[in-house]
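First comes the structure, then the notes that go with it.
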Amino acid sequence: MKKKNGILSTVYAGLIFLFLYLPIAVIVVFSFNSGRTTSNFESFSFYWYMRLFTTNFEAQAALRNTLILALSTAVITVLLGTLAAVGIDRLRRKFTERIALGANNIPLMSPEIVMGISMMMLFIFGGALFNQQFVLGFSTVLLAHITMCLPYVILSVLPKLRQTDPHLAEAAQDLGCSQVMAFFRVTLPSISTGIASAFLITFTLSLDNFVISRFTAGPFTTLPLHIFGQIRMLVRPDMYALTTLIFVMMFLLLLGSNLLQARAAKRQNKQT
Amino acid sequence: MNKRKLPFGTALLNAPFTLWTVIFILAPLVLVAYFAFTGNDGRFSLQWFEYIFDPARRETYLRMFGDSLLYGALATGISLLLAFPLAHFMAQSKQSVQRVLMLLIMVPMWMNFLIATNAWRYILEHNGLINNLLAGIGLPRLGMINTPGAAILGMVYNFVPFMILPIYTVMARLNVQLVEAAQDLGASRWEVLRRVIVPLSMPGVMSGVIMVFVPSVSVFFINDRLGGVRLIGDVINDRVLNETNLGAAFSLILMLIILVCMLVLNRMGDREKGAFVN
């Protein structure tokens, strides 16, 4: 079939992308507003960007918290998830494997608000067991974010494991590698792209999360929570400036990983 | 005894994940039910459900549950109508273009929804972007903000990528020879669409519908901020931090609503599969 798109469908696609990018354009434009609001553009200025890096200590603290949380979440979840994927991959019986994958699906299928609240109940209940009233904080929000991200790690590592030939690791063992060494020398390199994309997904999911943090973070303030605190009164352009910066960062990250993937795909095509 | 016992190493490898699932996924869900059925005195009680379904409030809350379903269904339906043609367009594009379009769909997903909602408020406001443009060319201003339509727009904006991506993924893998065969056999473009492309895209549509409906029915903030429409998610969000048990009762009701909808969708999916065989 010849691949072709008519003018009409191209216009349609253009309209959808306009819809998706209109608010983003508004955010970027108003981040350069010299005025104090996000609804009345006065003149172009870098004022709010400057303030962000100089005197806006609250936003800086929130950003630092968010980055620490996202990085910790990504590292721990990728370790835990890769281990889990290796474990699930070794389950030889269909039944146990289906249970494991079914359990993995629960967080993906349940709404964020329910996940956030159920985790909050767990922490309150756990706190009550140890006679602690105020348990919510960095460690609870970290646990919640790990739980939220774990399925995504498993879903991106497991397919890579399935693609690798188990005989390779066995061959390495026959040649004198220990089981652990065979994993690190043979299996790990062949699933590394899956692990890398899992890390990226986890980091960005945690960075952007508001709903689950809202119910599990307690006094620990992440950037989305800081924004939520402001949004009820008046959002100042500095939040738009910060959002723009994060947005550009994400875009470059996504673009970079995409280019790498495209190159890897090309190389693979050449080999076969 | 089972002869094919799990090897010790495999069991050990699976232990952390199993433990994590039990503690952080299953136990919390059980605890929601526990808190929902625990009264102020710490004993089993129906007091929170009696509160919700008290004759004085029943009507308000029942309407709110109904609204949540209605808005969720509308947002899902509109997302599907918008996403299907776009996914088709993407799948028809050149390979290199497809990759760029995928990226363009995914990028807005990383936009903080609080900030995006705030920007939409400005776009729709009485003195906002659209109305200023309309006034600029001499047209009357439209009342868009604080309407049900604005609430649905916000929901669609936030969730439509979750509809586009699964449908596109299925369509991109669709066997073009089937389309060619239908064309060779004399099917018109419309017939090809209706009898080949749509049925073969159903798995993508199904997962898209679920991925949009679940967050839509439990949405909060977006609907309230743009449409002034309050849904079950808003009540949970307002109440749960201070009145944990009441919040748990509302959450349990929300979970029940979603579960029932999933079962209905599953039944529909099964019937769809049956239709292919005939």
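The values are calculated or read from the model by the stated rules, or taken from the named source; none is laboratory data. Keep in mind the model is a prediction, meaning the values are calculated, not measured. Neighbour counts run over all protein chains shown; Cβ positions are idealised from the backbone, glycine included. We work out accessible area using only protein heavy atoms, side chains counted, and drop any ligands, DNA or RNA first. Shrake-Rupley method; radii C 1.70, N 1.55, O 1.52, S 1.80 Å.
Numbers below:
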quantity	calculated
Electrostatic dipole magnitude of the protein assembly as shown [Cβ: Lys, Arg +1; Asp, Glu -1; Cα centre; debye, to 20]	1480
Heavy atoms of residue A:170: accessible area, 1.4 Å probe, square angstrom to 10	90
Shielding by other protein chains, A:11-22, mean Cβ within 10 Å	5
Under the span-like rule (Cα at least 20 Å along the axis, Kyte-Doolittle mean at least 1.0), DSSP H helices of chain A	A:7-31, A:57-90, A:112-129, A:138-163, A:192-208
Summed side-chain charge close to residue B:14 - residues other than residue B:14 whose Cβ falls under 11 Å, Lys, Arg +1, Asp, Glu -1	-1
Relative contact order computed over chain A (Cα-Cα under 8 Å; 6+ residues apart), in percent	30
Surface accessible to a 1.4 Å probe, residue B:246 within the full protein complex, Å²	0
Peptide B:214-221 - average C-beta neighbours from other chains (10 Å radius)	4
Residue A:230-residue A:54 pseudo-label distance in nm [points 7 Å out on the Cα-to-Cβ vector]	1.7
Theoretical FRET efficiency, 1/(1+(r/R0)^6), r = Cβ-Cβ of residue B:96 and residue A:17, R0 22 Å, to 0.05	0.85
Modelled FRET efficiency - R0 35 Å, residue A:10 with residue A:266, Cβ distances, 0.05 increments	0.80
Charged-residue dipole, Cβ positions (Lys, Arg, Asp, Glu), the range B:69-277 about Cα centre, Debye nearest 20	280
Heavy-atom accessible surface of the protein assembly as shown: percent carbon and sulfur, 1.4 Å	66
Number of partner chain Cβ atoms within 10 Å, mean per residue of B:9-19	5
Order of exposure, largest accessible area first, which applies to A:135, A:75, A:141 with probe 1.4 Å	A:75, A:135, A:141
Of the DSSP H helices in chain B, those whose Cα atoms cover at least 20 Å axially and whose Kyte score averages -0.5 or more	B:55-92, B:148-172, B:198-217, B:244-277
Pairwise label distance in nanometres, residue A:130 with residue B:127, each label 7 Å out on the Cα-Cβ vector	5.2
Mean-position separation - Cα centroids, the range B:156-195 and the range A:204-272, in angstrom	31
Relative contact order computed over chain B (Cα-Cα under 8 Å; 6+ residues apart), in percent	25
Chain B, helix-only ellipticity at 222 nm - DSSP H runs n ≥ 4, -39,500 (n - 2.57), divided by all residues, nearest 500	-24000 deg cm²/dmol
The range A:180-272: chymotrypsin sites (Phe, Trp or Tyr not before Pro) in DSSP coil with no more than 11 other Cβ atoms inside 10 Å	none
Estimated distance in nm for a label pair at residue A:36 and residue B:104, the labels positioned 7 Å out from Cα along Cα-to-Cβ	4.0
Probe 1.4 Å, accessible area per residue of the protein assembly as shown, Å²	52
Solvent-accessible surface ranking, highest first, for A:39, B:201 at 1.4 angstrom	A:39, B:201
Burial ranking of peptide ranges B:110-118, A:99-107 (average Cβ count within 10 Å, highest at the top)	B:110-118, A:99-107
Paramagnetic reach from residue A:105 (point 7 Å along Cα→Cβ, amide N under 16 Å) across the range A:67-96	A:94-96
Modelled FRET efficiency - R0 22 Å, residue A:138 with residue A:75, Cβ distances, 0.05 increments	0.90
Neighbour net charge for residue B:224 - beta-carbon separation under 15 angstrom, K R +1, D E -1	+3
By accessible area with a 1.4 Å probe, ligands and nucleic acids excluded, highest first: order of A:134, A:32, A:57	A:134, A:57, A:32
Relative contact order [Cα under 8 Å, 6+ residues apart], the range A:103-261, whole percent	32
For residue B:106, solvent-accessible area (1.4 Å; no DNA, RNA or ligand), Å²	60
